[in-house]
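The structure appears right after this line, and notes come after that.
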Amino acid sequence: MLKKFLLLSFVLIVGLMVWNCGKGKTSITLAGSTAFQPFAETLADQYMSSHPDIAITVQGGGSAVGIQSANSGAAQIGMADLVMLPEEAKALTATIVAKDGIAVVVNPQNKVVNLSTDQVRDIFNGKITNWKEVGGNDVPITVVSREAGSGTRSSFEQIVGNINLKRDALIQDSNGTIRETVANDANSIGYLSHGLINEKIKALKVDDQECTTESIIAGNYKIVRPIYFLVKGSLQGEIKNFIDYILSDEGQKTIKADGLLPAK
Amino acid sequence: MKLISEKGVKRILMATAFSAISALLLIALFIISEGLPFIFKYGLKEFLFSSDWQPHLGKFGIYPMIVASLWVTLGAMVVGAPLGVAGALFLSEYVPKSVMNIIKPTIELLAAIPSVVYGFIGVMVLAPLIRDNFGGPGLSLLSASIILGIMILPTVISISIDSILAVPRSYREGSYALGATTWQTIHMVIVKASKSGIIASIILGMGRAIGETMAVIMVAGNSVNIPHSPLDSVRTLTANIALEMSYATGLHRQALFATGVILFIVIIILNSIASVAIRKRMVKR
């Protein structure tokens, strides 16, 4: 009796699964960059509402996961937010879908408003350890950085150049926790995606250039990284349609409205 | 019919028991098979005793993290064990039973609070307090020790209480009959009689402290640094794995599994030291 019941429910479940898959929806999976994940979700929702026969799933995981899963086929599109794509990504077709500024941020109580690129480098390398050396109060600097492997960190380090992060820098594992740490500690300095600046933290000018959308589009603010969509093989079919949609005026408008920068 | 169900129950229980053991074996096998090749390739000595952890340059030294894990665990013990044992003694000896029956479940509720919440309180309340009063970045060895010390309290208190209550009534009566005060009874009779249970509670607490990840990531600051004072930021072995796993590929990923192997070994060593200590005391008695 029990056996029959178990067998029946098993058949039922498998049947349901097969039936569901057979409904003919084309599915696209995106995975990777956590910085772009919320934007990809919004774009996917918009695209799906106008194309009901397409199902788009967006997963995070980080840039490395994006590259890995595009290579392995676990996701059709891998998202990566790196300045320089690693070796493994060379075989993939890369499309820049957006750009993202990386803001150098401090606590709002901090008097300092501007740092040169050299000063930023020296602070993160541990050569400058007190805010008075760059025009602030006589208090030690608490450096906050991201974990090794983070797309934001490697982009930041490559653009600023020659960064060998000092030993006792605090490490936080997301843009959000960097923001909380800097908001809580009056002596700290960190960096995060430009779209995530709010009133709890203050973005510094770097080389007298403000980190604003206008300044980044004009090409004045230098710490900017591209966001790539990586696809195995050439762009075609539904995947191409979706990427075309993101690059269209409507898609780029969404990206801009939510705090990122359009690709062109 | 009865015989069949009797046998069936035995089989089901056996299957359940084996599934727990095989899960443990599979986990151990998986971590070791992913991590060991890296240790052989990179060199055990270099991996354990170098203090350079720079995955992008191919340098993987976890010495600072081993030191940090041990310090954080010791710190949690220093904070949690005296508080827990004192609390257990007070609740079981000085407080009426009806009151204890309310307070003990309340303390055990501490164990049901998710570790993220502890971490959050650490970041929002404890770290600013430490930063303002003692200096340093606030997110530090000290704050991690205090938070972990509080987290292990329910384990230490409830197991200690259970073992103290298991001391036969006649021991207490005998002690009081000889004219001993309550405190004399506690430290000369009750603590001695329930020693193995109290030590076991501290060891279980230690196990929780060394394995805790989320709260530690939030309050310890995570810099790869050998601490020179309790105010320095540290990264534990568990935090290292959780922080970098999502981004790691290739050799870096293997190095994280190897970190897991070392953590596994550290915990086995600590546990066996502890159980040997218990056994010795039992024999003495």
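The values are calculated or read from the model by the stated rules, or taken from the named source; none is laboratory data. Model, not experiment: these values are computed from the prediction. Methodologically, a virtual Cβ is constructed for each residue, glycine included, from the backbone with ideal geometry; neighbour enumeration extends over all protein chains shown. Only protein heavy atoms, including side chains, enter the accessible area calculation; ligands, DNA and RNA are left aside. Shrake-Rupley method; radii C 1.70, N 1.55, O 1.52, S 1.80 Å.
What to note about this one:
- Of the residues making up segment A:62-74, those that are surrounded by fewer than 16 Cβ atoms within 10 Å (Cβ to Cβ) and of a type in the set (A, V, I, L, M) number 1.
- Qualifying residue in segment A:196-205 (condition: of a type in the set (G, A, S), crowded, with 17+ Cβ neighbours inside 10 Å and on the phi < 0 side of the Ramachandran plot): yes
- Residues that are modelled with pLDDT of 85 or more and within 12 Å of A:E88 (Cα to Cα), drawn from segment A:51-67: A:G66, A:I67
- One residue from A:S234, A:S248 being modelled with pLDDT under 85 and small (G, A, S): A:S234
- Pair list, Cβ under 8 Å, 6 or more apart: segment B:176-188 residue surrounded by fewer than 12 Cβ atoms within 10 Å (Cβ to Cβ), other residue not in a helix (DSSP H, G or I) and not hydrophobic (A, V, I, L, M, F, W, C): none
- Per-region count, segment B:246-255, residues surrounded by fewer than 21 Cβ atoms within 10 Å (Cβ to Cβ) and either within 13 Å of another protein chain (Cβ to nearest Cβ) or at positive phi (or both): 6
- Qualifying positions in segment B:128-150 - surrounded by 24 or more Cβ atoms within 10 Å (Cβ to Cβ), within 14 Å of A:D185 (Cα to Cα) and hydrophobic (A, V, I, L, M, F, W, C): B:L139
- Only one entry in B:Y94, B:Y63 is of a type in the set (F, W, Y), open to solvent by 60 Å² or more (accessible area, probe 1.4 Å), in contact (Cβ under 8 Å) with a residue 60 or more places away in the chain and within 14 Å of chain A (Cβ to nearest Cβ), namely B:Y63.
- The one condition in (1) touching a residue at least 60 places away in the same chain (Cβ under 8 Å); (2) under 17 Å from the mean Cα position of the chain (by Cα) that A:R146 fails to fulfil: (1)
- Exactly one residue among B:S143, B:S196, B:S160 is in contact (Cβ under 8 Å) with a residue 60 or more places away in the chain and within 30 Å of B:N225 (Cα to Cα), and that residue is B:S143.
- Scanning segment B:210-226 for residues that are within 11 Å of another protein chain (Cβ to nearest Cβ) and hydroxyl-bearing (S, T, Y) gives a single hit, B:S223.
- When B:A111 is tested against the conditions (1) more than 14 Å from every other protein chain (Cβ to nearest Cβ); (2) surrounded by 22 or more Cβ atoms within 10 Å (Cβ to Cβ); (3) under 30 Å from A:T181 (Cβ atoms), the lone failure is (2).
- On the stretch given as segment A:75-122, residues that are open to solvent by less than 50 Å² (accessible area, probe 1.4 Å), acidic (D, E) and assigned to a helix (DSSP H, G or I) total 1.
- Looking across segment B:227-242, the residues that are within 9 Å of chain A (Cβ to nearest Cβ) and surrounded by fewer than 24 Cβ atoms within 10 Å (Cβ to Cβ) come down to B:D232, B:A242.
- Test for B:G87: is it of a type in the set (G, A, S), assigned to a helix (DSSP H, G or I), modelled with pLDDT of 90 or more and surrounded by fewer than 21 Cβ atoms within 10 Å (Cβ to Cβ): yes
- Segment A:117-162: number of residues that are β-branched (V, I, T), more than 19 Å from A:K205 (Cβ to Cβ) and touching a Lys or Arg at 6+ places or on another chain (Cβ under 7 Å): 1
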